[in-house]
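Structure record follows, encoded as structure tokens.
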Amino acid sequence: MATEIVDKKKKTEEPVEGKSKGLNTLLWILVVAFFSVAAIGNAYFQKDYSTPVRVIGVAITLVVAFVFAAITNQGTKARNFFKESRNEARKVVWSTRSEARQTTLIVMGVTVVASLFFWATDSIIVSIINFLTDLRF
């Protein structure tokens, strides 16, 4: 039985071929470089170019940086994770409107009852302390 589960896992897992360590490092250096260019370029060209032009320039460099980040080994793992998460989210069975309303009313009712219980308990404790210490709050 356990070997069947292990075999099924091996069959369902897709082999992820990673990039070499050197290429992955180069891609991360490019990501950092493009992020730096976006930040430093925005500050450096503040007086030379208008805000819309700088925003477009920053947006383009950030998109390029995100593309490089997405093709790294970690980026590939993240993309696969989000793809699988989206597939799992599609499998969720959402409650109907009436079920959501009923659940909301139950939560509100339990909250009111619990609040009244704690208020009553607090009042009793304060009354007992007042009686024992003869202090008036």
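Starting from 0.36 nm per residue, how many nanometres of slack lie between residue 83 and residue 105 once their C-alpha separation is accounted for? Intermediate results must be reported in sequence, preceding the final value.
On the way: separation 22, 0.36 × 22 = 7.92 nm, distance 3.54 nm.
Full-extension gain reported as 4.4 nm.
On the chain, 69 percent of the accessible area sits on carbon and sulfur atoms, based on a 1.4 Å probe.
Computed extension gain for residue 19 through residue 53, at 0.36 nm per residue and net of the alpha carbon distance, reaches 8.7 nm. With kT/(6 pi eta Rh) evaluated at 10 °C and eta = 1.306 mPa s, and Rh the Kirkwood radius from Cα pairs, the chain diffuses with a coefficient of 71 µm²/s according to Stokes-Einstein. Here region 70-118 is described by how far its Cα atoms reach on the three principal axes: 56, 27, 10 Å, from widest to narrowest.
Just tell me, in residue order, which DSSP H segments of the chain are both 27 angstrom or longer along the helix axis (alpha-carbon based) and at least 1.0 in mean Kyte-Doolittle hydropathy.
Working: long enough: 21-44 (33 Å, 1.43); 51-70 (28 Å, 2.14); 97-133 (53 Å, 1.07).
Span-like helices, by this rule, are 21-44, 51-70, 97-133.
Per residue, the chain exposes an accessible area of 87 Å² to a 1.4 Å probe, with every protein chain left in place. Here the spin labels are modelled as points 7 Å beyond Cα on the Cα-Cβ line, and at residue 44 and residue 128 they lie 7.3 nm apart. The eigenvalues of the Cα gyration tensor, multiplied by 5 and square-rooted, give region 18-92 an equivalent ellipsoid with semi-axes of 31, 19, 6 Å from largest to smallest. By definition, a body whose alpha carbon gyration tensor gives a ≥ b ≥ c is prolate when a/c is 1.5 or more and a/b is larger than b/c, and region 96-136 fits this prolate description. When you filter the trypsin sites (Lys or Arg not before Pro) in region 52-137 for DSSP loop state and at most 11 other Cβ atoms inside 10 Å of their Cβ, you are left with 91, 136.
With contacts defined as alpha carbon pairs under 8 Å and 6 or more residues apart, what's the relative contact order of region 18-92 in percent?
Numbers: 42 pairs, mean separation 29.5, N = 75.
The value is 39 percent.
When the Cα positions of 58, 74, 33 are compared along the charge dipole of region 18-92, 74 comes out farthest toward the positive end, with charges on each C-beta of Lys, Arg, Asp and Glu. Charged side chains reduced to their Cβ positions (Lys and Arg at +1, Asp and Glu at -1) give the chain a dipole of some 520 debye around its Cα centre.
The values are calculated or read from the model by the stated rules, or taken from the named source; none is laboratory data. What you see is a predicted model; the values in this text were computed from it and never measured. In this analysis, Cβ positions are derived from the backbone assuming ideal geometry, glycine residues included, and neighbour counts consider all displayed protein chains. Keep in mind that these areas ignore ligands, DNA and RNA; they rest on the heavy atoms of the full protein, side chains included. Shrake-Rupley method; radii C 1.70, N 1.55, O 1.52, S 1.80 Å.
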